[in-house]
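Q: Have a look at the structure that comes next, please.
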Amino acid sequence: MEDRPFTDASFEQFLNEEKIMGSRCKKCQALYLPPRPVCIKCGGGDMEWAEITGKGRLAAFTGIGIGPSFMSAEGYDRNNPYCSGVVELDENVRMDARIEGVDARNPETIKVGTPVTAEFLHRGEGDAMRTFPAFRPVE
Ligand SMILES: [Zn+2]
C-alpha cells in the first residue's frame, strides 16, 4: 500500500478497505487528511502513509435535510434530517463526515466535544462501491 499515490482516489480506495489514511511529511511530520502529495508547511515532497485511528471529538455539526441522492434513498429528507459534522481527530487533523447515532431532529441533544469513533458505510458493489466515513458517539 506504500506505493499508492497520495491522491483522493487512493484515500477512497483505503476507505473501501475500512482504513482512514492520511499522508505525513517525512521532513516536518505534518499530517494531511485527505492526503496531499506535497507538504504545504515545508514544501517537502517526501510523504508516507499514516493510518488514522478514527477516534476523536465532535467539533461542529449541522442537520441536513436535503443531501446527496443516496441519502434520500435511505429515507432522509427535510422531515428526517441526518447529521453532518466535523470531527477533530486524536491526530489533530479534522475530517468532515456523517455523524451516526445522534438525533438530528433534536440538535440540542448533540454536544460539541462528544467523543466519537469512526465507522464505514459501504454503498454499491464491486468497482462501483463507494465508502463513506461516519462517526458515532462512544458509549
Ligand atoms: Zn513538511
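The values are calculated or read from the model by the stated rules, or taken from the named source; none is laboratory data. Computed from a predicted structure; not experimentally measured. Virtual Cβ from ideal backbone geometry, glycine too; neighbours counted across all protein chains shown. Accessible surface is based on the protein model in full, side chains and every heavy atom, while ligands, DNA and RNA are left aside. Shrake-Rupley method; radii C 1.70, N 1.55, O 1.52, S 1.80 Å.
Q: Out of PHE70, PHE6, PHE11, report the one residue that is open to solvent by less than 30 Å² (accessible area, probe 1.4 Å) and touching a residue at least 12 places away in the same chain (Cβ under 8 Å).
A: PHE11
Q: OK, next. Can you tell me which residue is nearest to ALA50 (Cα to Cα) among those in the range 103-139 that are touching a helix residue (DSSP H, G or I) at 6+ places or on another chain (Cβ under 7 Å) and in a loop (DSSP other than H, G, I, E, B)?
A: The selected residue is MET129.
Q: If a residue counts only when it is within 9 Å of the ligand (Cβ to nearest atom), which strands (runs of 3 or more DSSP E) contained entirely in the range 20-75 have at least 2 such residues?
A: Those strands (runs of 3 or more DSSP E) span 20-25.
Q: Kindly indicate which of SER23, SER72 is polar (S, T, N, Q) and closer than 16 Å to ARG98 by Cβ.
A: SER72
Q: Here is a further query. Output the residue which, of all residues in the range 14-34 that are in contact with a Pro (Cβ under 8 Å, 6 or more places away or on another chain) and in contact (Cβ under 8 Å) with a residue 60 or more places away in the chain, is farthest from GLU91 (Cα to Cα).
A: LEU15
Q: Could you tell me whether the range 3-21 includes any residue that is closer than 20 Å to THR131 by Cα, aromatic (Phe, Trp, Tyr) and under 12 Å from the mean Cα position of the chain (by Cα)?
A: yes
Q: Listed residues GLY54, GLY75, GLY44; which is open to solvent by less than 30 Å² (accessible area, probe 1.4 Å) and on the phi > 0 side of the Ramachandran plot?
A: Testing whether each residue is open to solvent by less than 30 Å² (accessible area, probe 1.4 Å) and on the phi > 0 side of the Ramachandran plot leaves just GLY54.
Q: Of the residues ILE66, ILE40, ILE52, only one is among the β-branched types (Val, Ile, Thr) and at pLDDT below 90; which?
A: Step by step, each of ILE66, ILE40, ILE52 is checked, and only ILE66 is among the β-branched types (Val, Ile, Thr) and at pLDDT below 90.
Q: While we're on this one: Give the residues of the range 92-116 that are under 21 Å from PRO35 (Cβ atoms) and open to solvent by 50 Å² or more (accessible area, probe 1.4 Å), sorted by residue number.
A: Matches in the range 92-116: ASN92, ARG94, ASP96.
Q: OK, next. Can you tell me which residue is modelled with the highest pLDDT among those in the range 76-101 that are part of a strand (DSSP E or B) and over 18 Å from ILE20 (Cβ atoms)?
A: So the residue we want is CYS83.
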